[in-house]
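Take a look at the structure below.
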Amino acid sequence: QLQLVESGGGLVQPGGSLRLSCAASGSILRIYTMGWYRQAPKKQRELVAAITSGGSTNIADSVKGRFTISRDNGKNTVYLQMNSLKPEDTAVYYCQLRMREYDYWGQGTQVTVSS
């Protein structure tokens, strides 16, 4: 019914930038929240950023000032612009869509920050 396809991950050097994209397709209502979570090895999945249908954002303290979340409702797509990347940002990044009482997840995309 609903599919999330992520892209944009890869290997970058510290201080570099990446832009993640997540496109949703299927049965989607107009009111929904989309966000990004990440999970490093042996660590719990944590919220990175989220954005509501009205444009309100919630950004984790660890990435404030470096990451920006945005969305294109016409394309049902959410973006995560990641600047000034640090090795601590290395993780699998998962796109999430929250609609009604359900959460939908993308397949995850690997982001590795290393010199």
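So here's what we get for this one:
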quantity: Selected residue (only one of ARG30, ARG19 is in contact (Cβ under 8 Å) with a residue 12 or more places away in the chain and assigned to a loop (DSSP other than H, G, I, E, B)); calculated: ARG30
quantity: Members of the range 1-23 that are hydrophobic (A, V, I, L, M, F, W, C), open to solvent by less than 60 Å² (accessible area, probe 1.4 Å) and farther than 17 Å from ILE51 by Cα; calculated: LEU2, VAL12, LEU18
quantity: Checking ALA60 against (1) of a type in the set (A, V, I, L, M); (2) in contact with a Ser or Thr (Cβ under 7 Å, 6 or more places away or on another chain); (3) more than 18 Å from LEU11 (Cβ to Cβ), the condition it does not meet; calculated: (2)
quantity: Hits in the range 57-69 (condition: part of a strand (DSSP E or B) and either β-branched (Val, Ile, Thr) or surrounded by 15 or more Cβ atoms within 10 Å (Cβ to Cβ) (or both)); calculated: THR57, ILE59, PHE67, THR68, ILE69
quantity: Residue in the range 24-44 that is among the charged types (D, E, K, R), crowded, with 18+ Cβ neighbours inside 10 Å and under 10 Å from the mean Cα position of the chain (by Cα) present; calculated: yes
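Residue by residue, here is whether (1) touching a residue at least 40 places away in the same chain (Cβ under 8 Å); (2) surrounded by fewer than 13 Cβ atoms within 10 Å (Cβ to Cβ); (3) over 19 Å from SER25 (Cβ atoms) holds:
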{"position": "ARG71", "(1), (2), (3)": "no, no, no"}
{"position": "TYR79", "(1), (2), (3)": "yes, no, no"}
{"position": "ASN83", "(1), (2), (3)": "yes, no, yes"}
{"position": "VAL92", "(1), (2), (3)": "yes, no, yes"}
{"position": "TYR102", "(1), (2), (3)": "no, yes, no"}
{"position": "GLY106", "(1), (2), (3)": "yes, no, no"}
{"position": "THR112", "(1), (2), (3)": "yes, no, yes"}
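Every residue, every condition in (1) on the phi > 0 side of the Ramachandran plot; (2) of a type in the set (D, E, K, R), yes or no:
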| position | (1), (2) |
| --- | --- |
| ARG45 | no, yes |
| ALA60 | no, no |
| GLY74 | no, no |
| VAL78 | no, no |
| SER84 | yes, no |
| GLU88 | no, yes |
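The values are calculated or read from the model by the stated rules, or taken from the named source; none is laboratory data. Because the structure is a prediction, the values reported are computed rather than measured. Positions of Cβ are backbone-derived with ideal geometry, glycine not excepted, and every protein chain shown enters the neighbour counts. Side chains are part of the model used for accessible areas, which takes the heavy atoms of the whole protein and leaves out ligands, DNA and RNA. Shrake-Rupley method; radii C 1.70, N 1.55, O 1.52, S 1.80 Å.
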